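Here's the structure we're looking at; comments come further down.
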Amino acid sequence: MLWGSHLGGLELRTEGGETRLRATFPYGAETELAPGRFEVIAPRAFADRIEAGADIHLLSGHDFQKPLASRATGKLTVTETDAALVIEATIDASTTWARDFLAANAAGLIRGLSPGFIVAPGGERVESRGNVLLRTITRAALVEVSAVTRPAYDSAQIEARSWQPVAAVAARLCNPLNRWRL
């Protein structure tokens, strides 16, 4: 079992020729994305798309060209509790990127889980604590979840997200390299 940290985890098991992934992304865990810039995801912040049954993808490294599973194919289950976002997936090793992912995981190189999301209008609070800013995501559209080498959250991380207002972020969406740095 490989862990992103003591609060979240990424676990793969091979049973009967199938590889099953189970991972958690804990809510309420504060992380420092940059000096003086903290972020926390509130419980059930991703509820809208999850409860609507929207298609969500499991990707390798936030790359939509490297899908590992999706809800539409029935190979990905996404649920949430007050404590965490939980995903379970069946990985088909018939693609080169899936085999690469499984090999990197077996080597201990991929340990984290990272959600890719778009913050809904009014779905964030930014508080100032002296020289420190805390951004709380209260409502966001979960688009994908990725297995990554270095998540931003100690409990399940990724790269630092932009601290720009929602309108400025929306202008960046046309660049596919920025799709998860929202």
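The values are calculated or read from the model by the stated rules, or taken from the named source; none is laboratory data. This structure is a prediction, so every number in the text was calculated from the model and none was measured. For neighbour counting, all protein chains shown are included, and Cβ atoms are generated from backbone atoms with ideal geometry for every residue, glycine included.
Within the stretch 18-60, can you find the residues that are surrounded by fewer than 16 Cβ atoms within 10 Å (Cβ to Cβ) and aliphatic (A, V, I, L, M)?
The answer is A34, A47, A52, A54.
Please name all residue pairs, on different chains or six or more residues apart, with Cβ atoms under 7 Å, provided the first residue is in the stretch 91-117 and is modelled with pLDDT under 90 and the second residue is assigned to a helix (DSSP H, G or I) and among the aromatic types (F, W, Y).
Here the result reads I110/F101, each pair linking the stretch 91-117 to a residue that is assigned to a helix (DSSP H, G or I) and among the aromatic types (F, W, Y).
Quick check on L10: is it over 19 Å from V119 (Cβ atoms), modelled with pLDDT of 85 or more, of a type in the set (A, V, I, L, M) and under 16 Å from the mean Cα position of the chain (by Cα)?
Details: over 19 Å from V119 (Cβ atoms): yes; modelled with pLDDT of 85 or more: no; of a type in the set (A, V, I, L, M): yes; under 16 Å from the mean Cα position of the chain (by Cα): yes.
No; evaluated as a whole, the condition is false for this residue.
Can you tell which of A45, A54, A72 is part of a loop (DSSP other than H, G, I, E, B) and touching a His at 6+ places or on another chain (Cβ under 9 Å)? Give the steps one after another, and end with the answer.
Details: A45 fails: touching a His at 6+ places or on another chain (Cβ under 9 Å); A54 fails: touching a His at 6+ places or on another chain (Cβ under 9 Å).
Exactly one residue qualifies, and that residue is A72.
Within the stretch 121-143, track down each residue that is buried (at least 16 other Cβ atoms within 10 Å of the Cβ) and in a loop (DSSP other than H, G, I, E, B).
G123, T138, R139
Tell me yes or no: at least one residue of the stretch 98-114 is closer than 16 Å to A141 by Cβ and buried (at least 18 other Cβ atoms within 10 Å of the Cβ).
Yes, some residue in the stretch 98-114 is closer than 16 Å to A141 by Cβ and buried (at least 18 other Cβ atoms within 10 Å of the Cβ).
Pick from the stretch 61-80 the residues that are touching a residue at least 24 places away in the same chain (Cβ under 8 Å) and within 23 Å of A29 (Cβ to Cβ): which of them is surrounded by the fewest Cβ atoms within 10 Å (Cβ to Cβ)?
The qualifying residue surrounded by the fewest Cβ atoms within 10 Å (Cβ to Cβ) is T79.
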